[in-house]
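First comes the structure, then the notes that go with it.
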Amino acid sequence: MGRTSKIINIIIIFLFSTALVNAFGYFRKDYDIFDFMGMSGMGFFMGFGLVVLAAVLFLFVFWLWMLVDCLKRDFKKDYEKIVWILVLIFLHLLGAIIYYFVVKVASKNVAAAKKK
């Protein structure tokens, strides 16, 4: 990892930890850490926003992982792949959850049964 990446990571970690600590009441006084920016009382919302951002990022990565898995997987019939890709694109997160349980978990169970 380069020097620039390390600096960016340190800044992101600092901002995230400051907002998170502030959101959960570590700085309980008449001010919070965001008062110096003219955003009085924004500490809770900043911390909550970072938690939501992390959750959204995780869900997007999960959706992308399911889409890549679908593109790489060999299905028994050609139209199955097209249908699953359309399901993943149009239903987004719901489609990814359905794909995970219907295809990915089912294929793991079949592979485990074959080993026994």
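The values are calculated or read from the model by the stated rules, or taken from the named source; none is laboratory data. Computed from a prediction, not measured in an experiment: that's the story for all the values here. All Cβ positions, even for glycine, are placed from backbone atoms using ideal geometry, and neighbour counts span all protein chains on display.
When both residues are 6+ apart or on different chains and their Cβ atoms are under 7 Å apart, which pairs have a first residue that lies in the stretch 97-116 and is within 20 Å of Lys77 (Cβ to Cβ), and a second that is charged (D, E, K, R) and surrounded by 11 or more Cβ atoms within 10 Å (Cβ to Cβ)?
Correct list of pairs: Lys104/Asp69.
Can you name the number of the only condition in (1) at pLDDT 80 or above; (2) assigned to a helix (DSSP H, G or I) that Phe44 fails?
(1)
Those residues that are assigned to a loop (DSSP other than H, G, I, E, B) and charged (D, E, K, R), I need them from the stretch 50-90; list them, please. Before you say what the answer is, go through the steps one by one.
Initial filter on the stretch 50-90 (assigned to a loop (DSSP other than H, G, I, E, B)): 73-77.
Those that are assigned to a loop (DSSP other than H, G, I, E, B) and charged (D, E, K, R): Arg73, Asp74, Lys76, Lys77.
Exactly one of (1) within 29 Å of Ile12 (Cβ to Cβ); (2) surrounded by 14 or more Cβ atoms within 10 Å (Cβ to Cβ); (3) modelled with pLDDT of 80 or more is unmet by Ala54. Its number?
Ala54 satisfies all of (1) within 29 Å of Ile12 (Cβ to Cβ); (2) surrounded by 14 or more Cβ atoms within 10 Å (Cβ to Cβ); (3) modelled with pLDDT of 80 or more except (2).
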